[in-house]
Amino acid sequence: MIKLDKSLLAWGTPDFKATLKQEVERLNVDLLPLQRGLTTGSYALTNPHTVMVHSISEVGKFICVSAGIFYQSVIAGCSCADDPTPVNENSEYCEIRLEIDKVTAQTTVMLVTESAQQSV
């Protein structure tokens, strides 16, 4: 479970966006849907990721945030000595939606797919 306590404390202040960005960038990548958001590689790397906040709104008891994440992936080969697959990092990008509970700071993260974006 993800809890964005610092972001909730900053809600309603000019620092909210920067605090949210920092807090999400510090999350363990296993908590984010980066693997499902791959478009080039086959394995999302655990190196740092960068968050870009697109929009913020308040819906009932939730703070809803649309954001993009820039990260790296690789095309995983067999790692054999004669494997011709180069181990190059690929740039990846996916969009997510965060729903932060305004009471508990518990946060749900959802991958926003292209098909969902087109149907809106």
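Taking other C-beta atoms within 10 Å as the exposure proxy, 103, 29, 65 rank 103, 29, 65 from fewest upward. In this structure, the amide hydrogen of residue 112, modeled 1.01 Å from its nitrogen in the peptide plane, lies closer than 5 angstrom to those of 95, 96, 97, counting only residues at least 5 positions away or on a different chain. What angle do you read, to the nearest 10 degrees and between 0 and 90, between the alpha-carbon axis of helix 16-25 and the longest principal axis of the chain? For helix 16-25, the angle is close to 30 degrees.
Computed on the chain, with alpha-carbon pairs under 8 angstrom and 6+ residues apart, the relative contact order is 27 percent.
The reciprocal of the average 1/r between distinct C-alpha atoms defines the Kirkwood hydrodynamic radius, which for the chain equals 15.5 Å. Note on residue 36/residue 5: beta-carbon distance plugged into 1/(1 + (r/R0)^6) with R0 of 22 Å gives a FRET efficiency of 0.30.
Taken together, the values in this text are just the output of simple stated rules run on the coordinates, not laboratory data. Bear in mind that the values here come from a model prediction, so they are computed numbers and not experimental data. Heads up, the Cβs are rebuilt from the backbone with ideal geometry, glycines too, and the neighbour counts pull from every protein chain shown.
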